[in-house]
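Taken together, the values in this text are just the output of simple stated rules run on the coordinates, not laboratory data. Being a predicted model, the structure only gives us computed values, none of them experimental. Positions of Cβ are generated from backbone atoms using ideal geometry, with glycine treated the same way; all protein chains shown enter the neighbour counts.
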There are 2 protein chains.
Amino acid sequence: MNYTDLPTPAFLVDRSRVQQNCDRMRAKAQRSNVAFRPHVKTHKTVEIAKMQHGGAIGPVTVSTIAEAEFLASAGFSDITYAVPIAPQHLGRAAELGARLDRLNVLIDSETALDAMEARHLADGATFDVFLKIDCGYHRAGVDPKRTESFALARRMAASCAVRFRGLLTHAGHSYNATNIDDVIRIAAEEVSAVSGFWRKLELGGITGLIRSVGSTPTASVVERFDGCDEVRPGNYVFYDAFQQAMGSCRSDEVAVSVLATVIGSYPERKQAIVDAGALALSKDAGAIQLDARCGYGTVCSLDLEPLPMRLVALSQEHGKVECTGAVPPVGTRLRIMPNHSCLTAAMFDRYHVIDGDEVTDEWRPARGW
Amino acid sequence: MNYTDLPTPAFLVDRSRVQQNCDRMRAKAQRSNVAFRPHVKTHKTVEIAKMQHGGAIGPVTVSTIAEAEFLASAGFSDITYAVPIAPQHLGRAAELGARLDRLNVLIDSETALDAMEARHLADGATFDVFLKIDCGYHRAGVDPKRTESFALARRMAASCAVRFRGLLTHAGHSYNATNIDDVIRIAAEEVSAVSGFWRKLELGGITGLIRSVGSTPTASVVERFDGCDEVRPGNYVFYDAFQQAMGSCRSDEVAVSVLATVIGSYPERKQAIVDAGALALSKDAGAIQLDARCGYGTVCSLDLEPLPMRLVALSQEHGKVECTGAVPPVGTRLRIMPNHSCLTAAMFDRYHVIDGDEVTDEWRPARGW
């Protein structure tokens, strides 16, 4: 089937672009001689998780336990759950960990460690654990400069409930960058935050820890990975308008788009309505520079040329487009490059995989938690 | 099971509040002597669609053909698909329509009518059609003041492909209101736009058309429905922080919340992280007055008292909370009242129904298109 015959809205995945994105990042990790544990949260599929490892099973990073369970069922056996684990989920993690070669979990608090120790005392469970380090993003993670962080690491190293595997950080603030120079500076901060704390621990006798870093902007712009042992980029498989705007990728490396149909055409007010609303695109406005240019997504022709249109508003099933050029008539097909592919992909229960213009596969992502 | 034992994030639906919201709106329609065709797009479940009709099957409005097919399978047989239909979907609509007592579809263009007539010439299909009127929202719909709109209506009345059922409008701009007076004014505009055009058509000999109106803000604030034949509110089954802020409902009428767990606690920076991110809450910032007060959702205690916290950022699986009071420790359960319940509900494959503190049911919404 030609993809233009698909019912809309549809989420299109360009297989050869995904393949190229996967191969390039994997090659960079290999020539940098670091472990490669790509994140799967952007796509949540078995198929692309294998593409990230050159067609094989390999170590992965997940954002939900549901993703871990989904990939475990497909044979993935070395998984890092890279969100601080809620104490209530320790039982589920212990069960899953027992079926795998390795399930690494993440903590950044004494309270979470207390919960692991309570569990260990109750039923003997032990956990492979990374300590989350805040490298400047100020979302999750301990501040590596605080003495309390060192004390927590020391307690983890000594705890019978824990196999202390390493330090993990994520430079999410790279998403606030507006140019490559900013991203390169943040990439250096990411590595230095985790390496500085790692050296302090080494001096304190806590050795053998893995330094795990990764965000798609930082991983995309560096020539090679230095000062770390493991990298975990994820969005790079698809990229998106946001990544392109900050310089992580070229527009012809963006591998996904939402196929939409014009369902309303109003030349008298220079507007059109497409059938891709908030439930197809997600309501991520992206960075400020994106919002000014294209709003909730970049409206493109079928050959992915950006059109003089701005997606100014999304309601549940309507996308409102303002046109500076001709207003397309009802029935016109368009492709919308998402601002943030992770959130847009998650709106779809199935992806339509295209090779050229042909739909050659349908992939189903994991859902929920 | 007590709802606090659910794995998080979880979407909680308070059955008695939904029941009250359903009963109140249905009673208002009954005493106004107008047809009641509630929208199901907010909840997308068979269970609540029946509650909207006092426990019975009744006429409904949907936002996707998938919702129509889902409800048709459960016995609903009189359905209005209230988004302008894409020409490519006419075949699916004709098939579904043949199984139902009535499937009304919506158009607002000559092009869509052309497509219906082409289909009729090809296979004899006919369609029950409403003409969408723009009552000031300027999303979809024809401008009732333009002569082209009258010409389209006349063509619909004369077309063999169409049974011209009525005029439909939606005062979506009521969502931009900041107080009840604004909403009441918009409710009047909604009725007058459709009634004015309806009278013009009557004078032109096009009679018997249904005047269908409805948005939750306008339907909630009016004492009774006047100047229309049918009402189609939807969000009122759940309501949300947005509706409460504009005066459509009281906070104790909001029937849904997202149960979340604190997974990071950082008293030194007065912040916490919860496990409800963009994939649990959606990234709807709501109105400006909401954004300033609570950000991406109202963080509440388990007994739904708003806490001195602001949900300042959402990433995929993290919600970042700024606290003006005490920072809750890791493991704390919170309930987040969504800004926009339609979008938040759609992030969940299952709803947990609570009666008091007990989880008494699990409902599955329709998904996709």
The FRET efficiency for A:R364 and A:R99, from their Cβ-Cβ distance with R0 = 25 Å and rounded to 0.05, is 0.70
For B:K50, the lysines lying under 24 Å Cα to Cα, once residues fewer than eight places off in the same chain are dropped, come out as B:K28, B:K41
The answer for chymotrypsin sites (Phe, Trp or Tyr not before Pro) in the range A:313-367 that fall in a DSSP coil and have at most 16 neighbouring Cβ atoms within 10 Å is none
Treating only Lys and Arg (+1) and Asp and Glu (-1) as charged, each at its beta carbon, one finds that the range B:1-125 has a dipole about its Cα centre, in Debye to the nearest 20, of 640 debye
For peptide B:80-90, the mean count of other chain Cβ atoms within 10 Å per residue Cβ is 5
Of the residues A:N33, A:A82, A:T8, the Cα lying farthest along the dipole of the range A:1-104 towards its positive end, which is defined by charges on the beta carbon of Lys, Arg, Asp and Glu, belongs to A:N33
Checking rank on A:131-143, B:36-48, A:68-80, with mean other Cβ inside 10 Å and highest first, the result is B:36-48, A:131-143, A:68-80
To the nearest 20 debye, the range B:253-369 has a Cα-centred charge dipole, built from +1 on Lys and Arg Cβ and -1 on Asp and Glu Cβ, of 480 debye
Whole-Hz Karplus couplings 3J(HN,Hα) for the range A:342-352, θ = phi - 60° and coefficients 6.51, -1.76, 1.60, Gly and Pro as x, run 4, 6, 5, 4, 5, 7, 10, 7, 9, 10, 9
B:R269 and A:D78 label points (each 7 Å along its Cα→Cβ direction) are spaced in nm at 3.1 nm
Note: B:R155 to B:Q19 extended length (0.36 nm per residue) minus current alpha-carbon separation gives 44.7 nm
Shortest first and in nm, the label-point separations between A:E358 and its counterparts in the other identical copies (7 Å out along Cα→Cβ) come to 5.8
For the range A:170-320 the mean separation of alpha carbon contacts under 8 Å (6+ apart) over residue count, i.e. relative contact order in percent, is 17 percent
Expressed as a whole number, the average count of other chain Cβ atoms within 10 Å around the Cβ atoms of B:260-271 is 5
For the axis mapping A onto B, the chain A residue whose beta carbon sits nearest, plus its rounded distance in angstrom, comes out as A:K283, 2
Any residue on another chain or 5+ positions along whose placed amide H is under 5 Å from the amide H of B:Q316 is listed here as B:A278
In terms of the charge dipole of chain B, which places +1 on Lys and Arg and -1 on Asp and Glu at the beta carbon, the residue among B:P233, B:Y296, B:S257 farthest towards the positive end is B:P233
The range B:296-348: relative contact order from alpha carbon pairs under 8 Å, six or more residues apart, as a whole percent, is 39 percent
In the range B:131-180, taking the dipole from +1 charges on Lys and Arg beta carbons and -1 charges on Asp and Glu beta carbons about the Cα centre, the listed residue (B:G172, B:L131, B:C160) farthest towards the positive end is B:C160
Per chain A, sqrt(5λ) over the Cα gyration tensor eigenvalues, sorted largest first, in Å, gives 40, 21, 18
Distances in nm between the label point of A:R199 (7 Å along Cα→Cβ) and its equivalents in the other copies, shortest first, are 8.2
In the neighbourhood of A:I354 defined by beta carbon distances under 9 Å, the net charge of the other residues (Lys, Arg +1; Asp, Glu -1) is -4
Sorted by chain and number, the residues with a modelled amide H under 5 Å from that of A:F225, at a separation of 5 or more or across chains, are A:S32
Label points for B:S16 built 7 Å along Cα→Cβ; distances to same position in the other copies, nm, shortest first, come to 6.3
The range B:22-159: Kirkwood hydrodynamic radius (Cα pairs, Å) comes out at 16.0 Å
Computed for the range B:329-369: size of charge dipole around the Cα centre, +1 on C-beta of each Lys and Arg, -1 on C-beta of each Asp and Glu, debye to nearest 20, value 260 debye
Least to most buried among A:H89, B:H340, B:H53, by other C-beta atoms within 10 Å and fewest first, runs B:H53, A:H89, B:H340
Straight-line reach check, A:K270, cutoff 27 Å on alpha carbons, 8 or more apart in-chain or any other chain, hits among lysines -> A:K283, A:K320, B:K132, B:K145, B:K200
Placing each pseudo-label 7 Å from Cα in the direction of the beta carbon, A:N179 and A:L302 end up separated by a distance in nanometres of 3.9 nm
The answer for chain B, counting only DSSP H helices whose Cα atoms cover 15 angstrom or more along the axis and whose Kyte-Doolittle average is -0.5 or greater, is B:110-123, B:147-158, B:180-203
The range A:1-60 and the range A:194-266 have their Cα centres apart by a whole-number Å value of 14 Å
Length-normalised contact order of chain B, Cα under 8 Å, at least 6 apart, in percent, tallies to 21 percent
Phi angles of the range A:296-309, converted by Karplus (6.51 cos²θ - 1.76 cosθ + 1.60, θ = phi - 60°) into ³J(HN,Hα) in whole Hz with x for Gly and Pro, give 8, x, 8, 7, 10, 6, 5, 8, 6, 8, x, 9, x, 9
